[in-house]
Amino acid sequence: MNVRLLPARPPAAAIDPIVRVLVAVGATPAMLTTAGLVGNVFAAALIARGDIFLGGVVVLLASALDMFDGALARATGTASRFGAMFDSVLDRFSEAVVLFGIGWYGIKVGDPEQALLAFAAVVGSLMVSYVRARAEGLNLQLRDGIFTRSERVVLTGAMLILGYVTIGLWVLAVASLFTAFQRLWIASRMLLAEDAPPRSASPARVPRATAKPEPRR
């Protein structure tokens, strides 16, 4: 069963009006994806220089664009494999650059714990996505995971805005690494089940011949 803390997609009633506006102004999915990356790079720069609260606000605003690019592609009939790959790759860059900004700030203020946690969170978030991509390359549908991109983005923005950066990084790092191993375990079970040799029918038992008693002589 797929257990998630947040829905994979926001309700259509919430995003459809915005998608219609985007269609009307001629926006494309690639524009939104690129703008999301640019916004997260800007957020990382703000965080690295110490503007933690503002950086958190920009992270949430820039990452919110990711809710609309797929819906816009479907609404305009432009969904494609290239678009899916482009979106996934830039999403990974967006997450990594924000955590890099947090790590850089930790180094600048002399907080090695924060820098190391940011590194662990980067590894965890990338591995969550990598395990899914590798599984899909082996023809497995793998969407399970308790801490996927939506949860990571919300936590990152919230911890920056509220000022609980170190605590938030602990949760982010542990939950991301746990999700990566969770997906690896799920994918491993699916692959082992598919690769298991079929059970052959048990051969019918041949009744043992009983020796014919010799006549008494």
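In the stretch 20-40, of all residues being of a type in the set (Val, Ile, Thr) and within 19 Å of the chain's Cα centre (by Cα), the one that is surrounded by the most Cβ atoms within 10 Å (Cβ to Cβ) corresponds to Thr33.
Exactly one residue out of Val128, Val154, Val122 is surrounded by 13 or more Cβ atoms within 10 Å (Cβ to Cβ), under 22 Å from Gly36 (Cβ atoms), touching a residue at least 60 places away in the same chain (Cβ under 8 Å) and of a type outside the set (Phe, Trp, Tyr): that is Val154.
Do you know which of the residues in the stretch 1-19 that are of a type in the set (A, V, I, L, M), closer than 15 Å to Gly70 by Cβ and surrounded by 12 or more Cβ atoms within 10 Å (Cβ to Cβ) is modelled with the lowest pLDDT? Write out each step before concluding.
Our first condition is that a residue be of a type in the set (A, V, I, L, M); within the stretch 1-19, this holds for 1, 3, 5-6, 8, 12-15, 18-19.
Right, trim to closer than 15 Å to Gly70 by Cβ and you get 8, 12, 14-15, 18-19.
Checking the rest, the ones that are also surrounded by 12 or more Cβ atoms within 10 Å (Cβ to Cβ) come to 15, 18-19.
Numbers: Ile15: 80, Ile18: 87, Val19: 85.
Among them, the one singled out is Ile15.
Restricting attention to the stretch 126-157, and to residues there that are among the small types (Gly, Ala, Ser) and at pLDDT below 95, which single residue is farthest from Ala84 (Cα to Cα)? Spell out how you get there, then give the answer.
Filtering the stretch 126-157 down to residues among the small types (Gly, Ala, Ser) leaves 129, 133, 135, 137, 145, 150, 157.
When the remaining residues are screened for being at pLDDT below 95, the result is 129, 133, 135, 137, 145, 150.
Details: Ser129: 13, Ala133: 12, Ala135: 16, Gly137: 14, Gly145: 20, Ser150: 17 Å.
Filtering first and then ranking leaves Gly145.
The set of residues in the stretch 63-85 that are under 18 Å from the mean Cα position of the chain (by Cα), hydrophobic (A, V, I, L, M, F, W, C) and either modelled with pLDDT of 95 or more or farther than 25 Å from Leu155 by Cβ (or both) contains only Met85. Among the residues of the stretch 97-105, none qualifies, meaning not one is under 26 Å from Leu169 (Cβ atoms) and modelled with pLDDT under 90.
Determine the pairs where a residue that is in contact (Cβ under 8 Å) with a residue 12 or more places away in the chain and under 23 Å from Asp87 (Cβ atoms), located within the stretch 51-63, has a partner that is in a helix (DSSP H, G or I) and among the basic types (Lys, Arg) with Cβ atoms under 9 Å apart, the partner being 6 or more residues away or on another chain. As it stands, the answer is Ser63/Arg149, since those pairs meet every condition given. Applying the set (1) of a type in the set (Val, Ile, Thr); (2) farther than 26 Å from Ala27 by Cα; (3) buried (at least 18 other Cβ atoms within 10 Å of the Cβ) to Val109 leaves exactly one unmet item: (3). Checking each residue in the stretch 45-66 for being under 11 Å from Ile161 (Cα atoms) and among the charged types (D, E, K, R) picks out only Asp51. Inspection of the stretch 169-190 finds no residue satisfying the criterion of being out of contact with any Ser or Thr (no Cβ under 7 Å at 6 or more places or on another chain) and not in a helix (DSSP H, G or I). A residue that is surrounded by fewer than 17 Cβ atoms within 10 Å (Cβ to Cβ) and either touching a strand residue (DSSP E or B) at 6+ places or on another chain (Cβ under 6 Å) or closer than 19 Å to Glu151 by Cα (or both) can be found somewhere in the stretch 68-90. Of these, Gly168, Gly137, Gly145, which one is within 20 Å of Ile107 (Cα to Cα) and either surrounded by fewer than 18 Cβ atoms within 10 Å (Cβ to Cβ) or not acidic (Asp, Glu) (or both)? Criteria check complete, one pass: Gly168.
Only one of Ala115, Ala27, Ala35 is outside any helix (DSSP H, G or I) and over 25 Å from Leu142 (Cβ atoms). Can you tell me which? Let's see the steps before the verdict.
Working: Ala115 fails: outside any helix (DSSP H, G or I); Ala35 fails: outside any helix (DSSP H, G or I).
Going through Ala115, Ala27, Ala35 in turn, just one is outside any helix (DSSP H, G or I) and over 25 Å from Leu142 (Cβ atoms): Ala27.
The values are calculated or read from the model by the stated rules, or taken from the named source; none is laboratory data. Since this is a predicted model, take the numbers as computed values, not measurements. Don't worry about glycine lacking a Cβ; one is built from the backbone with ideal geometry, like all the others, and counts go over all protein chains shown.
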